[in-house]
1. Residue by residue through segment B:203-224, note down the ones that are within 7 Å of chain A (Cβ to nearest Cβ) and either hydroxyl-bearing (S, T, Y) or farther than 30 Å from A:R412 by Cβ (or both).
2. If the requirement is being in contact (Cβ under 8 Å) with a residue 12 or more places away in the chain, of a type outside the set (K, R) and over 30 Å from B:D61 (Cα atoms), which of these qualifies: B:I296, B:I241, B:I287?
3. For segment B:489-500, indicate whether the set of residues that are of a type outside the set (F, W, Y), in contact with a strand residue (DSSP E or B) (Cβ under 8 Å, 6 or more places away or on another chain) and either modelled with pLDDT under 85 or farther than 23 Å from B:I543 by Cα (or both) is non-empty.
4. Within segment B:518-552, track down each residue that is within 12 Å of chain A (Cβ to nearest Cβ), among the acidic types (D, E) and assigned to a helix (DSSP H, G or I).
5. State the number of residues belonging to segment A:473-495 that are within 11 Å of chain B (Cβ to nearest Cβ), in contact with a Leu (Cβ under 8 Å, 6 or more places away or on another chain), closer than 21 Å to A:Y383 by Cβ and outside any loop (DSSP other than H, G, I, E, B).
6. Of the residues B:V85, B:V58, which is crowded, with 18+ Cβ neighbours inside 10 Å, part of a helix (DSSP H, G or I) and over 15 Å from the mean Cα position of the chain (by Cα)?
7. All but one of (1) assigned by TED's automatic domain parsing to the domain that holds A:F73; (2) over 30 Å from B:V258 (Cβ atoms); (3) crowded, with 19+ Cβ neighbours inside 10 Å hold for A:F151; state the number of the condition that does not hold.
8. Look through A:R387, A:R351, A:R346 and report the one residue that is more than 21 Å from A:A448 (Cα to Cα), buried (at least 21 other Cβ atoms within 10 Å of the Cβ) and not hydrophobic (A, V, I, L, M, F, W, C).
Amino acid sequence: MREYLTLLDFFRRHRWRYILGVMWLLAVDFLQMLIPRLLGFFTDQLLATPVNIGQLRHTLLLILAIAVGIAFFRYLWRLYIMGAARILEKYLRDRLFKHLQQLPPSFYLRNKTGELMAHLTNDINAVRNSLGLSIVLLVDAVFLTAMAVFFMFTTVDYRLALLALIPLPFLAVSFQQLSQSLYHRFLGVQESFGALTETAQENLNALRLVKAFALEDVEKNRFARTAAAYMESNFRLYKIWGFYNPLILFFGIISFIIVVIFGGRLVIEGEISIGDFVAFNGYLTLLAWPMMAAGWVINFAQRGRASMERINSLLREETGEPAKEPCQTWPASTKDDLHFSNITFRYDGARIDSLSELSFTIPRGQITAITGQIGSGKTTVFYLLLRFFTPQQGEILLGNLPLDHLSLNLWRSKLGYLPQDGFIFADSIAANISFAHTEASQYEIEEAASLAAIHKEIMALPGGYEAQVGERGVTLSGGQQQRISLARALLGRPPFLLLDDPFSAVDVPTEERIIANMRSLGKDTTILISSHRVQTLKRADKIIVLDKGRLAAAGSHDELLQRGEESYVRLCRQQLWQEKLEED
Amino acid sequence: MHGHHYFHDEKPLKPDPRLLRRMFAYARPYRGALLLALILTMLVASLQLAQPYILKIVIDDYILGPGELSELTRLAITFFIVYSVGLALYYLQFNLLMRTGQRIINDIRRDVFAHLQELPLSYMDHNPAGRMITRVTNDAETLSEMYTGFLVDLFRDLFILTGIIVVMLQLHTPLALLTFTFIPLVCVAIIIYRRKAQPAFRELRRQLARLNTFAAENIAGIRVIQAFLQENNRFNRFAGINEEHFQANLLELKIFAVFRPAMDLLRSLALAMLLWFGGASVLAGAIPFGVLFAFINYVEQFFRPLNDISERFSIFQSALASAERIFQLLDEPKEGETVPGKKPLHKIRGDIDFERVWFAYEDEEWVLQDVSLQIKAGEKVAIAGPTGAGKTSLVNLLNRFYTANRGSIRLDGLEIGELDRQELRRQVGIVQQDIFLFNATVRENITLNAVNLSKDELEAVTRSAGSYSFIQELPQKLDTPVGERGFTLSTGQRQLLALTRILVFNPAVFILDEATAHLDAHTEEMLQQSMARAMHGRTSIIIAHRLSTLKMADRILFLRQGKLTQLDNFEHLLEELQL
């Protein structure tokens, strides 16, 4: 149960809900116990000579009153306990989401979206069930059993009770066994369902290959095998699951037979009344439910614990802020250049360094371009500048101030970033542009859009700036997405612009205009652009050429050509050919 | 834009008889098993019905009556034996039914999967893979509830309800009729509940979908959010949606919290009425006490299936929705049917002839316009051109991924539309732009589990393809798992594996859709050798991006805006590129 310590705070705050809820539940359990006894009294009164009608009416009204009480308290415990579980669901989801937001990108490299979504949905559900329904089941299992047994012993006949309850311990033991293997087989089913999903997913991703090599039959067989394995795992589950109800009924019927034979004799011999016999039967029936509940409790609790543990391990993940004493104010050295000083970086679990012993300078107020083949480390340079990751060796300096001496938020507030895929949110275009500056005026938004040469196109959309992007809204072309992302980065005129491949889907004349716009931002804006395009590279003040994470060359386009830097010339020739093809 | 679709279009469904008929068609092969399960179900249910009746006999005939105690014992033991046998049958019934349900679903699942294999690529282009996966997995799973949970359970419930009614009528008709006056009340309660619960439930689903969509987008865009310091803003919005979800959750809870106790109360009322009037009958000597006692027990039993019916309804609805989605997919027309053996392809030389071919993905937006092209067997043709000019479309027509709108395409003089599709594709080997590797071993990725090669043959073919040395360096050589959880291979290595596949499958025609990725000099050189091997002795069409690849071709064609021209002055063009 240690897993649930994470929620201690929640329980403290909502303890009265739970305490009261359990009290209402106990009230229901108690009232339920009275009904069989009253039915017994009713029977005896009915069969008595002479019959006392007033007494009968009295008992009947009592039964009715208790029924109303049961219904009322049932309503209450549902509201209290199940309600608490739903508050918990909300609380836990908020908390987990908030935490996820603060986890560094290295965490997201390790964890796939699908898995994280599973934690946010399935695991939270399982925890909710374990702290709602299973509390109810637990209380029922313990108290209903105890009370039913108590009433059997005290109000009817202890000998009959002893005899009738002989099967109970056997039932408990066999149930314990049953739910253990049931749980394992259930996990087996989940696992093979996962395999089934994976096979289908892989197949659909590979569909072109499957068709091209006429692998349809091979794939059908492969799928048939996983599907059959899934079916078999279900069969294994059913073998155990199938015992569940028959077992309860079996032990129930043994008790029933004992009551009929032995209880019947007691009545005939006058040891107990016929009403006692009826009441006893009622208690026996009531016992069936907690028996079933006990099995479910174990199941729910096990699943809830496993899910809680998974959530805990997420909550234990450390958030990003590095341990150094960060400087909270913007130092005077902002006018300085950015230096990569002997940086070596390797992603967690990677076999090779992404950047090795890399040193270069990004001069302030200029446009620096960074280029190199795919996988040469361009995007990693951006990630380190954003402080998504920390290099294992070397440091990034702003002037002579190590970057990680600045507080993370302070540093990031000075950046305008455009990611490689130009991520756009399902929201209005205006909201996308003013993403980081929700207080921005329409004028500022349009100004940023104009700088990114997208204003006119936005105006042409149905709804203009208020047009919704995404599933139910407008569809944007890749180039439009890139330029809206660019406008988002430009809004608020941050002193550092980090643009990861911003023009890959933008045509050359538009690109020219955008670069001219950015030049007009003046000497306070330092710009880093990654690109393959010779056109872009030519316009940069300085080009940094990366090769497998190392610095291959640096300098302006003309300088690099003059020096005949082989890596750069090769890149340019290939790229020029590409651009030649694209020309009209 | 980065849509993770957690939305299911939720609309109230009326059972469409055609849909039901198709669902039953899948159950048809198992009708014997289902019938047996049904019979067993009824036997088991009869025992449940018998128990109160036995008690009635015990009370009236033995406890209150003159019956012998030894006879009572015999009766009890007989019932115990019969009941135990019944429980064994119950176990069998459960397994039989559930297994049959799984078998039916397995059939459906396999059909859906097989159908997915045969759908044209144009369908795939327009439908996200995630949605199709759900058809095979979750939708099929939900549907299984239809066969097991719904069908048989409903039948059992109806059987029990009918059984109770019959037994009660038989025991004492006036008292039974009196008890039945409660049935309309119960029906009204259920109808009211459904009216309230259904929209609440739908709203809850909608809010959940919103919540999940938002969360998924957030995870996908986490870098942007963190770079722009928007963690708090995004959290506040999430918390807002979470709150709305909570409110919907609470409403649903409240409705349910009223319904169940209300049903219990109704049952108690029925019981009280029964006790009052039944008690009067007992006093009047019209019925023995045991009958009243049996009635009490039957009323208890009567309410259980009624309570379940409301839950069955939701199951039924979601199963129906899943069925509709599944059958919609199965109704999608397949790729042009193969005609096995119509024009068998024995050994192809590899003459290719495109004659005045027009092609558009969407109507009239021509990707290829009047393209004519003859390639002689063994010739190596390179196609260059800007992105979006139709290069990939051109080769996609040759292996019938898509069908030309006009014109004709012939292989060795045979119209490709008349050839067996799979046979044709086996003869046209392709290396695609982004190379797909299965989450399997290197060996399986080379042979694709479709070709059996001995160890020596594999060695020979990998040596020939130039992939031998890098495979030898992998930790488990050919048995090294690649892909998601195994080794991640470099772009160059992936291409080497794809080229090795070509040598393994040995097609007459070789198509290479070159990746645009920039490669370092060493990798480029290595790949060129492998490409040369793959081209050797095959008609080859290379969609080339790299200058070095173009040089390997006999002939260079230029495709621009869907029109094909010959490129003659390639040498001249190269000179122009001097910086």
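1. Matches in segment B:203-224: none.
2. B:I241
3. Checked against the condition, which is being of a type outside the set (F, W, Y), in contact with a strand residue (DSSP E or B) (Cβ under 8 Å, 6 or more places away or on another chain) and either modelled with pLDDT under 85 or farther than 23 Å from B:I543 by Cα (or both), segment B:489-500 yields at least one hit.
4. B:E524, the sole residue that qualifies.
5. Total satisfying the criteria: 3.
6. Of B:V85, B:V58, the one residue that is crowded, with 18+ Cβ neighbours inside 10 Å, part of a helix (DSSP H, G or I) and over 15 Å from the mean Cα position of the chain (by Cα) is B:V58.
7. It fails just one condition, (2).
8. A:R387
The values are calculated or read from the model by the stated rules, or taken from the named source; none is laboratory data. Because the structure is a prediction, the values reported are computed rather than measured. Cβ: placed from backbone, ideal geometry, glycine included. Neighbour counts: every protein chain shown.
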